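Colleague: Before I ask anything, here is the structure I am working with.
What follows draws every value from the coordinates through simple rules; no lab data is involved. On a predicted model such as this, the values are computed, not experimentally measured, just so you know. When we count neighbours, we look across all protein chains shown, and the Cβ atoms used for this are built from the backbone with ideal geometry, even at glycine.
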Amino acid sequence: MKATAPREPATSPATPGPHGAPPAFDVEAVRAQIPALHQEVHGKPLVYLDSAATSLKPRCVIDAVERVYARDCANVHRGVHALSERATAAFEGARHKVRRLLGAADSREVVFTRGTTEAINLVAWSFLRPRLRAGDEVLVTELEHHANIVPWQLVCAEVGARVVPAPIDDRGVLDVAALGRLLGPRTKLVALAHTSNALGTVNPVAEVAALARAAGVPVLVDGAQAVPHGPVDVQALGCDFFAFSAHKVYGPTGVGVLWGKLAHLEAMGPWQGGGDMIRTVSFEGSTWNDPPHRFEAGTPNIAGVIGLGAAIDWLLGLDLAGARAHEQALLARATDALSRVPGLRIVGTAPGKASVVGFVLEGVHPHDLATILDHEGVAVRAGHHCAQPVMRRFGVPATARASFALYNTLDEVDALLRAIERARALFA
Ligand code: PLP
């Protein structure tokens, strides 16, 4: 059945504070809304420093997902009964909320996917593949997540094109001049992370997009790590595509977004076939629905999308400038304290970083370190962070990574440091 076109809701979801001012940022008030924070691990209070892998969820998101299954449990776009209408309204309402979050011009530019990974694959196959010829190039950077490397390798392998990385320096800063020199007539797409998950580097996306635009090359931005530390404005960035995942921005897993300029989406063929993405079907041939539904074949993750809508309401109701300043204070405290630990090296020291700190400790494998920290209640990630080329660039097989969200506290930074001291003592 044909999906309905999204319509703008009349309401603005963010609740204003007194006298219309935004509510002040208050970390304890935020923490009170996140149930998973309030537990013990191995008999110690949980210190969750793995939000770059996935963020913990506020109660309102959990409730929104529960409400779908407990009350508004119906398929979307295909029922005239009350439950389906409620589910469809909430589902399409979430699309408008994403449009607002990203500063996009039109809700039809918002495609729901399973996540950042699927959004990038969609662009690889639907947008790039038909335009790609032997000898062409996709320009990425050395600091990309595998999700922004491998999909391009797959399409390039089909035609004899190749993926070319622009270099970063020893701090993890992108060499924009070198990227500019790599941009050429063979370049069919520039694909870069807004924020690196392994290093915390925030790339100068608007500058890169301007360079690419001047060369007539479209730009995809992997925004998986940027949206949680927002704000993001896709129009100000000047990119063509932008991808992010709900689960990293306080929403549910299994949902993400591809934002694409409407002209691109309208020119793109479908990626997957099935229900909702068609206008007509016959055995002689089928015709396609308009964007965004053209790219949303089959029953979507309805509860996940509605949960993402709730996460956006929640986020936009906070004092985001205050939250960002708080995250930067956490980063500064952690960077300062970790820099003083003998034998510890921080991997990724770009100025203006997001609140992500990768590090290695002499004589202790990152996995062993993360296991010891876990026994102290401190959750960090250890490994290559799906960024093996970055690890290679810095000459390490893996790092331990502490990533801070707006619900973390300065005391938790201190707990991380105490746990690292304990690990050092064990290995001394
Ligand atoms: N890009 C970056 C920078 C990431 O950090 C991640 C996840 O860690 C991804 C892409 C992939 O996101 P997902 O697994 O949600 O599709």
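Colleague: Which residue fluctuates most in the GNM of the chain (Cα springs below 10 Å): 397, 231, 342?
Modeller: Fluctuation is largest for 342.
Colleague: Cβ under 12 Å from residue 57's Cβ, residue 57 left aside: what net charge do those residues give with Lys, Arg +1 and Asp, Glu -1?
Modeller: Numbers: positive: 59, 248; negative: 63, 66.
My count for the surroundings of residue 57 gives 0.
Colleague: How much of the DSSP beta bridge set in the range 118-251 is antiparallel, as a percent to the nearest 5?
Modeller: Values: 2 of 17 bridges.
In the range 118-251, DSSP labels about 10 percent of beta bridges as antiparallel.
Colleague: Of the DSSP beta bridges with both residues in the chain, give the percent that are antiparallel, rounding to the nearest 5.
Modeller: Working: 29 of 47 bridges.
Percent antiparallel among DSSP bridges in the chain is about 60.
Colleague: For the chain, what are the DSSP H helices with axial Cα length of 20 Å or more and mean Kyte-Doolittle hydropathy of at least -0.5?
Modeller: Details: long enough: 82-102 (30 Å, -0.31); 302-316 (21 Å, 1.93); 320-339 (28 Å, 0.16); 410-427 (26 Å, 0.36).
Helix filter hits for the chain: 82-102, 302-316, 320-339, 410-427.
Colleague: Under a point-charge model restricted to the Cβ atoms of Lys and Arg (+1) and Asp and Glu (-1), what is the dipole moment magnitude of the chain relative to its Cα centre, in debye to the nearest 20? Walk me through the numbers on the way to the answer.
Modeller: Details: 41 positive and 42 negative charges, 115 e Å.
My answer is approximately 560 debye.
Colleague: Quick one: length gained pulling residue 69 to residue 375 fully straight, 0.36 nm per residue minus the C-alpha distance? Present the calculation step by step, with values, prior to reporting the outcome.
Modeller: On the way: separation 306, 0.36 × 306 = 110.16 nm, distance 3.59 nm.
Gain on stretching residue 69 to residue 375: 106.6 nm.
Colleague: 7 Å from Cα along Cα→Cβ at both residue 411 and residue 388: what's the point-to-point distance in nm?
Modeller: Using points 7 Å along Cα→Cβ, the separation is 4.2 nm.
Colleague: How high is the FRET efficiency from residue 44 to residue 427, r the C-beta distance, R0 22 Å, rounded to 0.05?
Modeller: Values: r = 20 Å, r/R0 = 0.90.
Using R0 = 22 Å, I get an efficiency of 0.65.
Colleague: Per 0.36 nm of contour for each residue apart, how much would the distance between residue 320 and residue 253 grow if the chain were fully extended, relative to their Cα-Cα spacing? Could you put the intermediate results ahead of the total?
Modeller: Values: separation 67, 0.36 × 67 = 24.12 nm, distance 2.26 nm.
Contour length minus Cα-Cα distance gives 21.9 nm.
Colleague: Still on this structure, I have one more. With springs only between Cα atoms under 10 Å apart, run a GNM on the chain and tell me which of 29, 209, 193 wobbles the most.
Modeller: 29
Colleague: What ranking of 84, 403, 107 emerges when the number of other C-beta atoms within 10 Å of each C-beta is taken as an exposure proxy, fewest first?
Modeller: 84, 107, 403
Colleague: Among 280, 54, 201, which one shows the biggest mean-square fluctuation in a GNM of the chain, springs joining Cα atoms closer than 10 Å?
Modeller: 280
Colleague: Additional query: Multiply the residue separation of residue 181 and residue 362 by 0.36 nm, subtract the distance between their alpha-carbon atoms, and state the gained length in nm to one decimal.
Modeller: Working: separation 181, 0.36 × 181 = 65.16 nm, distance 3.74 nm.
Residue separation times 0.36 nm, minus the Cα-Cα distance, leaves 61.4 nm.
Colleague: Find the centroid of the Cα atoms in the range 40-76 and in the range 261-283, then give the distance between the two in whole Å.
Modeller: 33
Colleague: Distance check, please: which entries in 57/97; 188/248; 44/97; 97/188; 57/188 exceed 27 angstrom between their Cα atoms? Each step should come with its number before you reach the end.
Modeller: Working: 57/97 18 Å; 188/248 29 Å; 44/97 38 Å; 97/188 31 Å; 57/188 38 Å.
Long pairs (Cα-Cα over 27 Å): 188/248; 44/97; 97/188; 57/188.
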